[in-house]
1. Report yes if some residue within the stretch 100-108 is assigned by TED's automatic domain parsing to the domain that holds Arg14, within 15 Å of the chain's Cα centre (by Cα) and modelled with pLDDT under 95; otherwise report no.
2. Is it the case that the stretch 31-49 has a residue that's out of contact with any helix residue (DSSP H, G or I) (no Cβ under 8 Å at 6 or more places or on another chain), in a strand (DSSP E or B), touching a residue at least 12 places away in the same chain (Cβ under 8 Å) and surrounded by fewer than 19 Cβ atoms within 10 Å (Cβ to Cβ)?
3. Out of the residues in the stretch 1-27 that are in contact with a Lys or Arg (Cβ under 7 Å, 6 or more places away or on another chain) and of a type in the set (S, T, N, Q), state the one that is modelled with the lowest pLDDT.
4. Being under 24 Å from His108 (Cβ atoms) and either modelled with pLDDT of 80 or more or touching a Lys or Arg at 6+ places or on another chain (Cβ under 6 Å) (or both) is true for just one of Leu67, Leu30. Which residue is that?
5. Of all residues in the stretch 136-183 being at pLDDT 95 or above and part of a loop (DSSP other than H, G, I, E, B), which is nearest to Gly90 (Cα to Cα)?
Amino acid sequence: METLRLETERLILRLDTPETLREVLDTYPLSEQLEYLGLTADDYPVQRDKYELHIKRLNPLRVFYLLDKTTNKVIGACGYFRNWPEHARGEIGYALYDDSYKRLGIMHEAMQPVMKYGFEVMNINRMEAITSPENIASRRLLEKNGFTFEGVLREHYNTGTSYDDSASYSLLRKEYEARNTIK
């Protein structure tokens with residue numbers, strides 16, 4: 001199974017597509033699936049359902065798993081969880097699975113090649129991001145990467161017990177290009 005690999009100073013970014021995820025879910029033993037996806041046995045049932053949904057959708061995900069270069073351990077993910085090629089639009093998302101990697105600039109480091117991939121390979125014109133208004137670290141990450149706060153989407157996200165607001169951000173190709181030609 002061939003998959004795209006990108007590297008940063010501290011990370012290997014491994015792109016998984018619906019095809020690679022399908023192969024992993026259908027052919028790997030459970031222990032290898034858990035390791036490959038960076039999941040625990042407790043996380044697995046819910047995450048597998050999410051992967052199955054993404055595999056079936058017309059707007060497939062393009063997720064890069066983040067591997068620590070020193071340990072080769074999956075420590076998080078960053079990529080496009082929603083993609084609308086006909087509108088040249090994609091929604092970027094990210095997560096670190098291990099709290100010991102937080103506040104080290106890991107996600108900022110990971111977002112650079114993922115954003116470049118979105119604009120240059122996926123031909124995205126508008127990159128979107130949604131986060132909790134209370135998630136200050138996520139909001140700072142987006143702003144540090146040039147995203148513009150567009151507003152709050154009221155009762156936008158169903159948690160299963162309540163409807164929570166979401167902070168909406170975007171980054172346009174022309175803004176990305178302007179930021180990256182100045183450097």
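1. No, the stretch 100-108 has no match at all.
2. no
3. Thr3
4. None of the other options fit; the residue is Leu67.
5. Here the residue is Phe147.
The values are calculated or read from the model by the stated rules, or taken from the named source; none is laboratory data. Model, not experiment: these values are computed from the prediction. Glycine gets a Cβ as well: all are built from the backbone with ideal geometry, and neighbour counts include every protein chain shown.
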